[in-house]
Protein chains: 4
Amino acid sequence: MHSQAKLRGIFTPNIVPLDSRGEIHEKELRRYVDWLIAKGIHGLYPNGSTGEFTRFTAEERVRIMEIICDQVNGRVPVLAGAAEANVKETIRACETYYELGAAAVAIVAPYYFKLSPRAVYAYFKEIADNTPIDVTLYNIPLFASPIDVPTVQRLADECPKVIGIKDSSGDIPHMIRMIRAVRPQRPDFSFLTGWDAALMPLLLVGCDGGTNATSGVAPELMLKLYELTLAERLDEARELQYDIVELFDALILSAEFPDGFRTAVRLRGFETGVGRQPLSEDQQTELGRLADKLQCLLATHGFTDEPASGCGISGAANGAPEVSRIVEAVVGELRRRGMA
Amino acid sequence: MHSQAKLRGIFTPNIVPLDSRGEIHEKELRRYVDWLIAKGIHGLYPNGSTGEFTRFTAEERVRIMEIICDQVNGRVPVLAGAAEANVKETIRACETYYELGAAAVAIVAPYYFKLSPRAVYAYFKEIADNTPIDVTLYNIPLFASPIDVPTVQRLADECPKVIGIKDSSGDIPHMIRMIRAVRPQRPDFSFLTGWDAALMPLLLVGCDGGTNATSGVAPELMLKLYELTLAERLDEARELQYDIVELFDALILSAEFPDGFRTAVRLRGFETGVGRQPLSEDQQTELGRLADKLQCLLATHGFTDEPASGCGISGAANGAPEVSRIVEAVVGELRRRGMA
Amino acid sequence: MHSQAKLRGIFTPNIVPLDSRGEIHEKELRRYVDWLIAKGIHGLYPNGSTGEFTRFTAEERVRIMEIICDQVNGRVPVLAGAAEANVKETIRACETYYELGAAAVAIVAPYYFKLSPRAVYAYFKEIADNTPIDVTLYNIPLFASPIDVPTVQRLADECPKVIGIKDSSGDIPHMIRMIRAVRPQRPDFSFLTGWDAALMPLLLVGCDGGTNATSGVAPELMLKLYELTLAERLDEARELQYDIVELFDALILSAEFPDGFRTAVRLRGFETGVGRQPLSEDQQTELGRLADKLQCLLATHGFTDEPASGCGISGAANGAPEVSRIVEAVVGELRRRGMA
Amino acid sequence: MHSQAKLRGIFTPNIVPLDSRGEIHEKELRRYVDWLIAKGIHGLYPNGSTGEFTRFTAEERVRIMEIICDQVNGRVPVLAGAAEANVKETIRACETYYELGAAAVAIVAPYYFKLSPRAVYAYFKEIADNTPIDVTLYNIPLFASPIDVPTVQRLADECPKVIGIKDSSGDIPHMIRMIRAVRPQRPDFSFLTGWDAALMPLLLVGCDGGTNATSGVAPELMLKLYELTLAERLDEARELQYDIVELFDALILSAEFPDGFRTAVRLRGFETGVGRQPLSEDQQTELGRLADKLQCLLATHGFTDEPASGCGISGAANGAPEVSRIVEAVVGELRRRGMA
């Protein structure tokens, strides 16, 4: 099912369930895919950051795509993370995912080395000129070389195969600058955000959708936020966006990303296993406490039962200040890491 | 006219016109104040960053406030920038501005030294406990010690005199976290944004208004954006926000902030003089070119005539890519400076 | 005593003792100056960052200089911090300090606003063209606009009044680049470091000396390090530099800079009073614990008695790991603030 | 030849020559290894950042090690870069390189995701507990999660297999803090620097050597600097360090790292081929100009002939200011990228 229509809506950048040996848990992955589609998710995005593509081998990344494309079987578009060690390997991945039936690939800018805009352009240009499948740029400046507005514009102008961008910077004026620079010439170009905490305002300034990790945990909430916003039911959308900020903060700030998401998907009924990045003992404890917290948050919205230990009388009113303090402290820490 | 109602709407952080000797140009400042009020601006905010408070002496800052409070004469509320060398001097400024009739003061977190959240809290607490006038916190992490969410929340909880925050971070999830943490207990607390490039989405997630430098150049546009957004005329608001991003980028990125604004206010008919920060020769040339560019942007919206040299057939369609390239390059540069 | 010889050696950027009302404690300041000179310090540097120039009023800064120049009375050169609100005020301060007999002034690059290299150049050029007194540039990128190598080189080439730079970046290749770019044409140009933790290696790559806050607390140690290094007694110098890193880290990381230095000078026998930046209660407690820690460090080197509570069997062997952990955590925090 | 002695001296982090198809150029790699050993280099460090380990496949990384270990044949120790996608794959690489006869492995902290110190600790602990070969930590905060001092200390305390650290931060007080924290308990622990621009001062504060990319281009210079410094011939060492800063800056700042090194090794007589990261046209031109510049720098020191176009009368006197301006501009750019 190769893309013909513009990419729109909420795509889930799925985590990969692991079995007790730390290997891809194919059965649970298939079950998880079915569950997400049943919940109404508009597309899947395997081998993204949430999918920890850097922690799998090249062979495993292909295997993940095979399982997902097979299980999806054309029901929703698959946006396939295709970044590999170099241009040649990335193009090869594009070919493979094209044959597997992905709608498009998403390619993160080179990471580890921090490249200049000129080299980021040259990298995507060479890929776009040699790929059989449509390409979505993936800008995540916290982790990889940034893709700046002139580069996006130039690639959109020169490369018909480049059909969109996923931007995880969370910077709204940046999104406005991109849309303003590209949309007049390329109305088909898709702008997706990866920053769940600002989905509503980003949609309102013109985004076409999001690839949002929270949708892998609470697809009902993210889809509802998407629809309320499109329907311009602003008060309801705002309330829900506020709750999603709290949920997203709790998910993203626990232990190491994306372990909070892995833990939360387990609460929705899947054997997600233990992540591949070793954690310290106190981080494991922290993740245990997060599980209770998340279960209460999900229970509030009717997605699970309360944990055996109960959730207290709290709810948002009591819980918010504490969460807010934690969130702020850890956001500061994250920012520090991102800059160190 | 001390504040009784919540601070709302668009406040202009005004530049200070200078005469040929580099002194406060009282006559033009008075004329500028009248013009802004005639345009419908909801309030004034002297001695802010746009007002270059750090480049005036303590005596001059008081003089600026005297002129403005006298000229405003109660027609609109005045939010007075009151940061001085230390707590004692700042409290003295609060007393002076209270007597002059300011609605409230705005106090930036300590700068030069980068303080921890604990010391930022202690600083504002001591001021709030000893001031006769309401205090708005001013968070501008690019220039001063950041005021984090738990600090805002704690000050809002403990200090009735602290009645709002002006946040110039431009970070929307950060604004959501603050509102979420404070508004339930303090519905009177005012959230203002200083980031003109995201006014529309910030209003839509719950902000009460903005102190926006662009409103000193094109009050008509900023007020229109405010009203379209409040009326939920989203398509029109979005289009206007896009144009304002282009204007704001051109203003903020020319020479050194806030010289672009000083130049642009001159185009609206005021003798604004030469700023106090010396510029290199090429920056002065750059400012000349900016004047033409701004005049064309303002002419497009009917605020001035085209410059003698004409504006070309361009407009947004041709102009955008070039501006976009410049903007991006300079935004990168700004970011670098902010972090260096 | 205006400068005729190149600035060399260890200058003390002195804190300003405050009395019980928070005012300049003239008597203690004079006594402190005498003590520093008696210890052998090569010069004084009032109104620097350690001197908290931003927390005093313009009048107080002049008063501090009057007291110090009067008390020093030509015994050692005085390098006077002269940054004021704008170029005109800064030049006026230069004139005043020239008349008071300062050897030279030190001027930090503009702060609050983050300026581009071009504007930093224009700022110093205008000052250098209009000052009666020699000027030392002061580069402290953590707090103020950075002064880059080409700017230093250009100012050194064009301005005979610019006779040196104090660099507090702590970046050794940066220092090498500056010396390499400037020294061939300006052998008289002085390179001073403000980063006590790297004084030895910076002297070894060609620095002429330092303005080191630690010399206000333990002048004996800093002078000894200077002399061991110049004598190329490398093993002894290295050992001492290691101890000074521990001391410096403890001083700089407690509460808010420069409160650790204020506390430590009190341990050397001066009434330094309470700093002007309010501290939280836990920071005050932290400063109390620091006092014990510092007293033990100073006692180890024979500068004070042990505190009443004793110092334990520790010393470096036991103490180091704990200090190291604290230091690292807080260094991370500082870095975060510097970049936020 | 597994390590028994402490790692000391200058290790070359070698680039990998590529043939016209972009594949590993085995013959030139072997010839390059022989040349480096003939020049007197103390060890080799394949699959480091200069070796662009992220741009090769897992299979290619093993192949590179096979070629190098075979060609070295025990003449010098080989420090093998062994970072793979996850702990399991990394341990497998450790086993492979142990069997190939590497002296030790060097493992960079996890990259892409920015990990907290706790997770960085857990990562290395799990590797250290399961590896047959000695491990050198590799701290390069510009590219990967930072390894802070307490983490180094804890790993040194708990893991006998962890026998050293390569630090490319270039921060001298940081190096002092590490040595101070670790050396008393682990006198065998090796401290190597990857920051060529500060090799002399780092050796003087206690480093055991360096893994310096410049040694792959001008082994004669880096070895001479090492020996002059150890012999405490400080004036000569300082002069040479200055020249090496100029050379290093030119190498590191041209096009994208490590293309400057690839170009320079070609000037020493090896077919190094075209790097795997595509470059823009102007970057390719830039690299051409660099070649001339480098050839002149190398010619000055007698390593090659002047280019056909000549080198002008320049040398340091004329060349320095221009290089310095370029260097500064690009260093700023690099820093921006590192932080963006």
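The values are calculated or read from the model by the stated rules, or taken from the named source; none is laboratory data. Given the structure is predicted, the values throughout are model-derived calculations rather than measurements. When we count neighbours, we look across all protein chains shown, and the Cβ atoms used for this are built from the backbone with ideal geometry, even at glycine. Remember, those area values only see protein heavy atoms, side chains included, never the ligands or the DNA or RNA. Shrake-Rupley method; radii C 1.70, N 1.55, O 1.52, S 1.80 Å.
Here are the numbers for this structure:
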| quantity | calculated |
| --- | --- |
| All positions within segment C:206-220 that are more than 11 Å from chain D (Cβ to nearest Cβ) and of a type outside the set (A, V, I, L, M, F, W, C) | C:Asp208, C:Gly209, C:Gly210, C:Thr211, C:Asn212, C:Thr214, C:Ser215, C:Gly216, C:Pro219, C:Glu220 |
| Count of segment C:228-246 residues which are crowded, with 21+ Cβ neighbours inside 10 Å and either more than 12 Å from D:Ile176 (Cβ to Cβ) or small (Gly, Ala, Ser) (or both) | 2 |
| Subset of segment B:94-107 (residues that are without any contact (Cβ under 8 Å) to a residue 60 or more places away in the chain and open to solvent by less than 10 Å² (accessible area, probe 1.4 Å)) | B:Cys94, B:Tyr97, B:Val105, B:Ile107 |
| Residue in segment C:201-213 that is of a type in the set (S, T, N, Q) and at pLDDT 95 or above present | yes |
| Strands (runs of 3 or more DSSP E) fully within segment A:1-110 counting 2 or more residues that are modelled with pLDDT of 95 or more and within 14 Å of another protein chain (Cβ to nearest Cβ) | A:104-108 |
| Tally of residues being part of a helix (DSSP H, G or I), under 22 Å from C:Tyr138 (Cα atoms) and either of a type in the set (D, E, K, R) or in contact with an Asp or Glu (Cβ under 8 Å, 6 or more places away or on another chain) (or both) across segment C:246-257 | 2 |
| Any hit, segment D:154-162, residues being open to solvent by 10 Å² or more (accessible area, probe 1.4 Å), out of contact with any helix residue (DSSP H, G or I) (no Cβ under 7 Å at 6 or more places or on another chain) and within 30 Å of C:Ala231 (Cα to Cα) | no |
| Selection status of D:Phe143, within 14 Å of chain A (Cβ to nearest Cβ) and open to solvent by less than 10 Å² (accessible area, probe 1.4 Å) | no |
| Test: residue in segment A:127-139 that is surrounded by fewer than 24 Cβ atoms within 10 Å (Cβ to Cβ) and either more than 23 Å from D:Pro278 (Cβ to Cβ) or of a type in the set (Phe, Trp, Tyr) (or both) | no |
| Residue match in segment A:78-85 (condition: within 20 Å of A:Pro141 (Cα to Cα), acidic (Asp, Glu) and in contact (Cβ under 8 Å) with a residue 12 or more places away in the chain) | yes |
| Of residues in segment B:146-164 being within 14 Å of chain A (Cβ to nearest Cβ) and among the β-branched types (Val, Ile, Thr), the one nearest to B:Glu84 (Cα to Cα) | B:Ile147 |
| Conditions (1) over 15 Å from D:Pro13 (Cα atoms); (2) without any contact (Cβ under 8 Å) to a residue 60 or more places away in the chain: number failed by D:Gly164 | (2) |
| Criterion: within 13 Å of chain A (Cβ to nearest Cβ) and surrounded by fewer than 24 Cβ atoms within 10 Å (Cβ to Cβ) - qualifying residue of B:Leu199, B:Leu223, B:Leu203 | B:Leu203 |
| One residue from D:Gly260, D:Gly210, D:Gly269, D:Gly273 being open to solvent by less than 10 Å² (accessible area, probe 1.4 Å) and outside any helix (DSSP H, G or I) | D:Gly210 |
| Check on B:Glu286, at pLDDT 85 or above and among the acidic types (Asp, Glu) | no |
| Flag if A:Val62 is in contact (Cβ under 8 Å) with a residue 12 or more places away in the chain, open to solvent by 30 Å² or more (accessible area, probe 1.4 Å) and not basic (Lys, Arg) | yes |
| Number of positions in segment D:168-194 that are more than 20 Å from D:Lys6 (Cα to Cα), in a loop (DSSP other than H, G, I, E, B) and within 10 Å of chain C (Cβ to nearest Cβ) | 2 |
| Count of residues meeting criterion [without any contact (Cβ under 8 Å) to a residue 24 or more places away in the chain and of a type in the set (Phe, Trp, Tyr)] in segment D:202-252 | 1 |
| Qualifying position, being on the phi > 0 side of the Ramachandran plot and touching a strand residue (DSSP E or B) at 6+ places or on another chain (Cβ under 8 Å), among A:Tyr138, A:Tyr112 | A:Tyr112 |
| Members of segment A:256-283 found to be within 22 Å of D:Ile91 (Cβ to Cβ) and either modelled with pLDDT under 90 or more than 14 Å from the chain's Cα centre (by Cα) (or both), listed by number | A:Glu256, A:Gly273, A:Val274, A:Gly275, A:Arg276, A:Gln277, A:Pro278, A:Leu279, A:Ser280, A:Glu281, A:Gln283 |
| Odd one out for A:Tyr121 among (1) in a loop (DSSP other than H, G, I, E, B); (2) open to solvent by 10 Å² or more (accessible area, probe 1.4 Å) | (1) |
| Residues of segment C:1-57 satisfying the condition of being crowded, with 24+ Cβ neighbours inside 10 Å and of a type in the set (Ser, Thr, Tyr) | C:Thr12, C:Tyr32, C:Tyr45, C:Ser49, C:Thr50 |
| Any hit, segment A:222-238, residues being farther than 25 Å from B:Val245 by Cβ and in a loop (DSSP other than H, G, I, E, B) | yes |
